[in-house]
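The values are calculated or read from the model by the stated rules, or taken from the named source; none is laboratory data. All values derive from a computational prediction rather than experimental measurement. Counting neighbours? That spans all protein chains shown, and the Cβs are built from the backbone with ideal geometry, glycine included.
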Amino acid sequence: MVRKKRARTQISSIQHEGHILTDNKAIQDFGVEFFCNLLTVEDHSATIPRLQHIPTMLSPDEGAFLHQPTTIEEVKRVIFGMCADSVVAPDGFNAFFFQKCWDIIHEDIVGAVQDFLSGTLLSTSITETSIVLIPMVKNPSRWSDYQPISLCNTSNKILTKLFNDRLKTILPSLIVENQSGFVPQR
């Protein structure tokens with residue numbers, strides 16, 4: 001069964017400029033080139049936010065709410081709200097590990113979250129992400145037939161979900177009344 005799945009997920013050929021590449025090195029080189037072109041921005045100045053043009057919309061209380069220290073209960077709610085059988089992250093852990101080992105690791109996890117919220121930079125081991133290619137058609141033959149997705153470490157997901165949960169509570173005050181896409185019950 002593992003061999004069948006490996007054969008199905010192995011990319012043994014790819015079309016490139018009217019030719020079919022079968023050499024692993026050529027497939028790899030063209031794949032790197034294709035996805036670098038797809039995922040790289042040439043003009044980085046266009047991606048730098050111009051924050052001076054954005055009005056400050058958070059009240060001091062809302063800003064303080066976003067930066068307040070986390071509680072053990074808040075982090076636990078986030079972790080136990082995650083799907084336990086999610087895909088294993090690049091660091092080898094999924095939510096099941098964090099849930100099963102909660103009694104042992106909770107102090108370290110909460111401490112790391114509090115460090116981050118107080119301004120400590122995240123280590124690359126936490127922000128490491130794997131890009132996986134998902135075939136979008138039954139028999140993919142071109143790189144454009146694959147959709148790249150990112151697999152983030154669970155610790156990164158915990159931080160993201162925690163901040164997302166906090167942000168959800170203040171979104172209604174930031175989004176105008178006639179916008180309904182990001183505000184439940186609107």
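Scan the range 101-133 for residues that are within 15 Å of the chain's Cα centre (by Cα), part of a loop (DSSP other than H, G, I, E, B) and more than 30 Å from S12 (Cβ to Cβ) and jot them down.
The one that is within 15 Å of the chain's Cα centre (by Cα), part of a loop (DSSP other than H, G, I, E, B) and more than 30 Å from S12 (Cβ to Cβ): L122.
So which residues in the range 134-155 are under 21 Å from the mean Cα position of the chain (by Cα) and without any contact (Cβ under 8 Å) to a residue 40 or more places away in the chain? Before you say what the answer is, go through the steps one by one.
Step one: of the range 134-155, the residues under 21 Å from the mean Cα position of the chain (by Cα) are 134-136, 146-155.
I134, P135, M136, Y146, Q147, I149, S150 - these are the residues of the range 134-155 that are under 21 Å from the mean Cα position of the chain (by Cα) and without any contact (Cβ under 8 Å) to a residue 40 or more places away in the chain.
Quick one: which of D165, D145 is of a type in the set (D, E), in the same structural domain as F96 (by TED's automatic domain parsing) and over 22 Å from D85 (Cβ atoms)? Outline the logic, then answer.
Numbers: D165 fails: over 22 Å from D85 (Cβ atoms).
Going through D165, D145 in turn, just one is of a type in the set (D, E), in the same structural domain as F96 (by TED's automatic domain parsing) and over 22 Å from D85 (Cβ atoms): D145.
What residue, among those in the range 166-186 that are modelled with pLDDT of 75 or more and charged (D, E, K, R), is surrounded by the fewest Cβ atoms within 10 Å (Cβ to Cβ)? Before you say what the answer is, go through the steps one by one.
Initial filter on the range 166-186 (modelled with pLDDT of 75 or more): 166-179.
Next, from what is left, pick out any that are charged (D, E, K, R): 166, 168, 177.
Details: R166: 17, K168: 12, E177: 8.
Only one residue tops the list, namely E177.
For the range 134-153: of the residues being of a type outside the set (A, V, I, L, M) and touching a Ser or Thr at 6+ places or on another chain (Cβ under 8 Å), which is surrounded by the fewest Cβ atoms within 10 Å (Cβ to Cβ)? Outline the logic, then answer.
Step one: list which residues in the range 134-153 are of a type outside the set (A, V, I, L, M), which gives 135, 138-148, 150, 152-153.
If we keep only those that are touching a Ser or Thr at 6+ places or on another chain (Cβ under 8 Å) as well, we get 141, 150, 152-153.
Values: S141: 12, S150: 9, C152: 17, N153: 21.
Checked the range 134-153; the qualifying residue surrounded by the fewest Cβ atoms within 10 Å (Cβ to Cβ) is S150.
Do we find a residue being assigned by TED's automatic domain parsing to the domain that holds N94, of a type in the set (S, T, N, Q) and under 29 Å from Q28 (Cα atoms) anywhere in the range 133-142? Full working, then the answer.
Let us first name the residues in the range 133-142 that are assigned by TED's automatic domain parsing to the domain that holds N94, namely 133-142.
Now drop any that are not of a type in the set (S, T, N, Q), which leaves 139, 141.
Okay, now just the ones that are also under 29 Å from Q28 (Cα atoms), so 139, 141.
Yes: the range 133-142 contains one or more residues that are assigned by TED's automatic domain parsing to the domain that holds N94, of a type in the set (S, T, N, Q) and under 29 Å from Q28 (Cα atoms).
Looking only at residues in the range 120-149 that are hydroxyl-bearing (S, T, Y) and modelled with pLDDT under 90, which one is nearest to I20 (Cα to Cα)? I'd like the intermediate steps shown before the answer.
Taking the range 120-149 first, the residues hydroxyl-bearing (S, T, Y) are 120, 123-125, 127, 129-130, 141, 144, 146.
Narrowing further to those that are modelled with pLDDT under 90: 120, 123-125, 127, 129-130.
Working: T120: 49, S123: 41, T124: 37, S125: 37, T127: 36, T129: 30, S130: 27 Å.
Within the range 120-149, the match that is nearest to I20 (Cα to Cα) is S130.
If you go through the range 124-162 one residue at a time, how many are aromatic (F, W, Y) and under 25 Å from G92 (Cβ atoms)? Reasoning before the result, please.
So the first thing to find is which residues in the range 124-162 are aromatic (F, W, Y), and the list is 143, 146.
Retained after the next criterion (residues that are under 25 Å from G92 (Cβ atoms)): 146.
Going through the range 124-162 one residue at a time, the tally reaches 1.
Could you give every pair whose Cβ atoms fall below 9 Å, whose first residue belongs to the range 4-18 and is part of a loop (DSSP other than H, G, I, E, B), and whose second residue is modelled with pLDDT of 85 or more and hydroxyl-bearing (S, T, Y), counting only separations of at least 6 or pairs across chains?
What qualifies is I11/Y146; S12/T22; S13/T22; S13/S141.
Can you name every residue in the range 59-73 that is surrounded by 11 or more Cβ atoms within 10 Å (Cβ to Cβ) and out of contact with any helix residue (DSSP H, G or I) (no Cβ under 7 Å at 6 or more places or on another chain)?
Listed by number, the residues that qualify are S59, G63, Q68, T71.
Please enumerate the residues belonging to the range 80-125 that are of a type in the set (D, E) and within 16 Å of P69 (Cβ to Cβ). Working first, answer last.
Here is the first cut: in the range 80-125, the residues of a type in the set (D, E) are 85, 91, 103, 107-108, 115.
If the condition is that a residue be of a type in the set (D, E) and within 16 Å of P69 (Cβ to Cβ), then E107, D108, D115 are the ones that fit.
Given the condition under 15 Å from L159 (Cβ atoms) and assigned to a loop (DSSP other than H, G, I, E, B), answer yes or no: does some residue in the range 90-100 qualify?
Within the range 90-100, the subset under 15 Å from L159 (Cβ atoms) is 91, 93, 95, 98.
If we keep only those that are assigned to a loop (DSSP other than H, G, I, E, B) as well, we get 91, 93.
Looking for residues that are under 15 Å from L159 (Cβ atoms) and assigned to a loop (DSSP other than H, G, I, E, B), one finds at least one in the range 90-100, hence yes.
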